[in-house]
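As structure tokens, the structure follows; a few thoughts come after it.
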Amino acid sequence: MNDVILEEAREDYVRAKVPSKSKPGTFHTVELTPYGAICDCRGVLNLKHRDYCVHANTVLEYVKTRGLHFAMNEKIKVDSYFVKTNSFIDEFGGLIAGEPTLFYGPDGSGKTISVLTIIARYSNICDGKIVYINTETGDPQNRYAKNQIMNFGGKLENVEFFAFAEEGKLHSFLGGRGEEKAEKVSLKDVMKKDDIAMVAIDSISRFYNVQVNNVPPQQRPSIASQFAGKLGVWTRFLQECMFKTKPFPVIYVAWMRSSIGEVLAKKEKTEKDVEEMISPQQLKEWTGPKALGYWSKTIYKILPAGVGKIQFTQIRGEHMMKQVVCKITPKGVEVE
Ligand SMILES: [Zn+2]
């Protein structure tokens, strides 16, 4: 325990390095937040709250001996119920307040336009502010999203837009703590002024995808472990926000890194490929980062279904295996 290197220690954030037992001379980086622990140790997806790895527990013990009382919140039980949005997603009963919903699909499948349609429709009837977080376009003004929501008849004044170009900023926004000390914005700043009606993060897997594609294959499990830790922090943070105010729906949009995603990227598709793409049975589960499947209570697969059409399949949820085909219109995504 004497070997713990404390890099930063405050009552709401700790970062430290812990020596690896299996690989002497190497270290694991641990972050503690009130919403959970993050570690890069391989193969350990610390999804359950009390089930952190030995490194996270070592740091927790270490800060205690230093007189820092670092408390991690217990799991919070938030009520969940269906919320009608006036959009195509109501075909599945609506969105569920209190729990994250995952929208996943390959590039260009229509995930973003679908989410923007839901926001536009819901912005006309919602109570409070819809928070849209863009990590994909690199435009700090969010012009594309604003234009689309306006074109789709949405009320822009009911939507708060954020754009994050670095994971640290997203992490800070959702209860973690980024590297930069300056200009920290958090969802709690929005909550000081308004109730939250919904949060959509488009996409939640952006930084993970970049990181995982830029390391040698043997380092990918440690990126996945860190992502699992962060996603746990973000999700528990959102649950705490709901607990303090009222439950709201959360949409996690994720680009799909899976065999289906690869098949869809292929120019020449075999019969079998096509079958797998349209089958709700095969490869039906989320095969991206495990943690996203763990935290998302409702999951939709989104696939292109011919020119100007999008197919939604509920992979997990009360309407499991139900499929709805929509068309893209100038007013947004509508049930065909
Ligand atoms: Zn660890």
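The values are calculated or read from the model by the stated rules, or taken from the named source; none is laboratory data. Because the structure is a prediction, the values reported are computed rather than measured. Virtual Cβ from ideal backbone geometry, glycine too; neighbours counted across all protein chains shown.
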- Output yes when any residue across the range 57-78 is without any contact (Cβ under 8 Å) to a residue 12 or more places away in the chain, touching a strand residue (DSSP E or B) at 6+ places or on another chain (Cβ under 9 Å) and not assigned by TED's automatic domain parsing to the domain that holds Gly153, and no when none is. yes
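May I ask you to verify whether Lys192 is surrounded by fewer than 20 Cβ atoms within 10 Å (Cβ to Cβ) and touching a helix residue (DSSP H, G or I) at 6+ places or on another chain (Cβ under 6 Å)?
Working: surrounded by fewer than 20 Cβ atoms within 10 Å (Cβ to Cβ): yes; touching a helix residue (DSSP H, G or I) at 6+ places or on another chain (Cβ under 6 Å): no.
No.
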- May I ask you to list the residues in the range 44-67 that are modelled with pLDDT under 80 and more than 10 Å from the ligand (Cβ to nearest atom)? Leu45, Leu47, Lys48, His49, Arg50, Asp51
- Message: Looking for something in a helix (DSSP H, G or I), surrounded by fewer than 22 Cβ atoms within 10 Å (Cβ to Cβ) and in contact (Cβ under 8 Å) with a residue 60 or more places away in the chain - is there at least one such residue anywhere in the range 210-217?
- Response: no
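Among the strands (runs of 3 or more DSSP E) contained in the range 94-193, which hold 1 or more residues that are not aliphatic (A, V, I, L, M)?
On the way: elements: 95-97, 100-105, 129-134, 159-163.
Hits in the range 94-193: 100-105, 129-134, 159-163.
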- Checking Ala71 against (1) touching a Gly at 6+ places or on another chain (Cβ under 7 Å); (2) at pLDDT below 85; (3) of a type in the set (A, V, I, L, M), which single condition isn't satisfied? (1)
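Restricting to the range 148-165, name every residue that is small (Gly, Ala, Ser) and in contact with a strand residue (DSSP E or B) (Cβ under 6 Å, 6 or more places away or on another chain). Break it down stepwise before answering.
Applying the first criterion (small (Gly, Ala, Ser)) to the range 148-165 yields 153-154, 163, 165.
Matches in the range 148-165: Ala163 only.
What number of residues in the range 75-93 are in a loop (DSSP other than H, G, I, E, B) and more than 18 Å from Val333 (Cβ to Cβ)?
So the first thing to find is which residues in the range 75-93 are in a loop (DSSP other than H, G, I, E, B), and the list is 75-80, 84-87, 93.
Still in the list and also more than 18 Å from Val333 (Cβ to Cβ): 75-80.
Here the count works out to 6.
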- Item | Filter result (buried (at least 20 other Cβ atoms within 10 Å of the Cβ) and either over 11 Å from the mean Cα position of the chain (by Cα) or assigned by TED's automatic domain parsing to the domain that holds Cys39 (or both)) within the range 227-246 | Gly229, Arg236, Phe237, Gln239, Cys241, Met242
- Task: Could you look through the range 17-34, keep only residues that are out of contact with any His (no Cβ under 7 Å at 6 or more places or on another chain) and buried (at least 23 other Cβ atoms within 10 Å of the Cβ), and pick out the one that is nearest to Gly176 (Cα to Cα)?
- Result: Thr33
